[in-house]
Amino acid sequence: MSSAQRREQLIAIGRQLFAEKGLDATSVEEVAARAKVSKPVVYEHFGGKEGLYAVVVDREVRALLDRITAALTAGHPRELLEQAALALLDYIEQETNGFRVLVRESPVGSSSGNFVSVLNDVAHQVEHILGSEFKSRGYDPKLAELYSQALVGMVALTGRWWLEVRKPRKETVAAHLVNLAWNGLSHLEAKPSLLTVRPR
């Protein structure tokens, strides 16, 4: 096996172990044992498990962002929403271990972590789409950031739930996500207020 092939083998094994157990519970010994190599080989390629983890995470972040970016290229805003939701669900379905690696170390509500940084990148792209749509409808475009975070968060949390249950089919999940988001967005109030809180 060439050095490049060995490196790819170790990355694949690391990805699987990190998905199954997380960073802390995975050891260099386990990675080496599954690859049928000695520990120094892992250290030689990555400097340790943290180095291997960083490579795995970087690849997953790029893979997920590439999918979502490719999905957000053209069409009506509703179609863009559908494409983004399906892109995330496709990634979860086809790259389950990769998605597990991203979400395992990023608990819900955390302000840091791999999955959170991916979601922020996606929300930034969505913000540009919403900003122009808000302008055309007479809404405050400064609020596009808030709405993009809400939309991306809704899709991402649903994706985490769907990762475990896998029911209903991903197309059905995407359709319901878009139904809630789009029908809510299409009837936005320009200046919403809470019914239970009196204005000051």
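The values are calculated or read from the model by the stated rules, or taken from the named source; none is laboratory data. Predicted model, so just to flag it, every value in this text is computed and none were measured. Don't worry about glycine lacking a Cβ; one is built from the backbone with ideal geometry, like all the others, and counts go over all protein chains shown. Each accessible area value is taken on the protein alone, full model and side chains, heavy atoms only, with ligands, DNA and RNA left out. Shrake-Rupley method; radii C 1.70, N 1.55, O 1.52, S 1.80 Å.
A few comments on the model shown:
- Those residues of the stretch 122-137 which are open to solvent by 70 Å² or more (accessible area, probe 1.4 Å) and either within 14 Å of the chain's Cα centre (by Cα) or closer than 13 Å to Leu89 by Cα (or both), in sequence order: His124
- So Leu180, is it open to solvent by 70 Å² or more (accessible area, probe 1.4 Å) and closer than 19 Å to Leu119 by Cβ: yes
- Single residue of the stretch 138-177 satisfying the filter (hydroxyl-bearing (Ser, Thr, Tyr) and modelled with pLDDT of 90 or more) that is most open to solvent (accessible area, probe 1.4 Å): Thr172
- Filtered by the rule that a residue be in a helix (DSSP H, G or I) and open to solvent by less than 10 Å² (accessible area, probe 1.4 Å), the stretch 15-27 gives Leu17, Phe18, Ala19.
- Test: Thr69 is in a loop (DSSP other than H, G, I, E, B), open to solvent by 40 Å² or more (accessible area, probe 1.4 Å) and farther than 30 Å from Met1 by Cβ: no
- Checked against (1) under 14 Å from the mean Cα position of the chain (by Cα); (2) in contact (Cβ under 8 Å) with a residue 60 or more places away in the chain, Trp182 passes all but a single condition, namely (1).
- Flag not set for Glu60, criterion: assigned to a helix (DSSP H, G or I), open to solvent by 70 Å² or more (accessible area, probe 1.4 Å) and out of contact with any Asp or Glu (no Cβ under 7 Å at 6 or more places or on another chain).
- In the stretch 89-128, the residues that are touching a Ser or Thr at 6+ places or on another chain (Cβ under 6 Å) and either assigned to a helix (DSSP H, G or I) or modelled with pLDDT of 80 or more (or both): Asn114, Phe115, Val116, Ala123, Val126, Glu127
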